[in-house]
Amino acid sequence: MNNHKQNRRSALLLLLLVCLGTPLLRAAERDTTLTRRLIPMLGVDFRPAYTFPTDGFFKGNNQAGKPIRTNLSGHLKLGFQFAPGTRLGDLYPHTTQGIGVAYNTFFNHKELGSPVAVYVFQTSRIASLTRYLSLDYEWNFGASFGWKKFDEDNNPMNRVVGSKANAYINLGFFLNWAIDPQTSLKAGIGLTHFSNGNTHYPNAGVNTIGANIGFTRYFGHGDERKDTHVSSAAYPAFKPYISYDVVLYGATRKKGVFPDNNSPVLVPGSFGIIGLNFTPMYNFTRYFRAGLSLDAQYDESANIGRHIANENSVLDSENIRFHRPPFSEQFAVGLSVRAEVVMPIFSINLGIGRNILCQGPDTDAFYQILALKTHLTDRLFLHVGYQLSRFKDPNNLMLGLGYRFGSRK
């Protein structure tokens, strides 16, 4: 049964990757200006990193009896730029997106595994420092497979990783040196997070910080990658406007409770979550919008710790029982401030909010949101988000679809 659930979870992650990657293949068809050419790109990265000792397992409390401090990963990336003469190529001349694969080692294969990550990525320029040197950023978002998860019998000391498949998120900043119009070297730093989104326990997460050294080669004609792009001034002047995003999402999560005078208990099974966001956004430029969001969420696990049915017994995962909490303790409505970076195909949305209509300690709190929007059409987008509570506690995934009213090109 556990293997069946794990295979189903892995299949869902692969389906998510397909959904994220499909717009990359269709992107050229959506640009109907002078040409539909793409400039292919091949990249190779090497990323040595330090693993944060967020749990005793990383400090040496493991079967090997050695601290786990180092993570090494090698990355192969295939991507593209929109060529000069296309609308997106002229408006985003330094933006590259694509798909990557990475092999990771923590030098403890027996207890952690050697996970392989598959992800979508996007990189672009922040500032030009000289003619050949720029400050760039890159984000990666995907899934990692091949972890050795916690097992009471075979892997009892790994109380960090609870599933064989985990989400993979990376954000990096680096200096990019253009050797010639088609070739560049980069060096910088990056942060990486592995987590299963609270869909399985344990979910302490694995976090690293380290260097990023890479080589990139473009395969378009040399003159296509010189700074000969048509200026964005050649397009109609951008006029700020208001758009409205509606997102419907769902997820499942695990839940632990902390009964009085008892050890913490992991509640068996998973709990359903459904939510709705309504977000008016003021579009300041083509590249940035911000606004306020009305966020409603029903969490089947919220505040169940206040409604334990057992009396006068030692509680564990086998015998714990609950009365169903009232709807008012499991449904919450909040307001959040949202900011969104708008790029071709993808948008990154950040939010900080507070529940204002709520009851019970689980929902009476601040929450934080990080979401990736993948545009399937000019209005319809795939929403993949993650919500924290109180700036530190993992809450739930936010997997759904969104629709934008009032969208303009």
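Rounded if a/c is under 1.5, else prolate if a/b is larger than b/c, else oblate: which is the range 272-361, with a ≥ b ≥ c the root eigenvalues of its Cα gyration tensor?
prolate
Rank the residues 144, 134 as a footprinting-exposure proxy: fewest other Cβ atoms within 10 Å of their Cβ go first.
134, 144
Sorting 202-211, 117-126 by average packing, meaning the other beta carbons within 10 Å per residue, from highest down gives 117-126, 202-211. The separation of the range 289-321 from the range 61-90, counted between C-alpha centres, amounts to 36 Å.
Per residue of the chain, the DSSP helices (runs of n ≥ 4 H) give a summed -39500 (n - 2.57) that works out to -3000 deg cm²/dmol at 222 nm. Normalised by the number of residues in the chain, the average gap of Cα pairs under 8 Å and 6 or more apart makes the relative contact order 11 percent.
Relative to the dominant Cα principal axis of the chain, helix 2-26 is inclined by about 20°.
No value in this document is a laboratory result; all are computed from the given coordinates. As the structure is a prediction and not an experimental result, all values here were calculated from the model. Cβ sites come from the backbone with ideal geometry, for glycine too, and all protein chains shown count toward neighbours.
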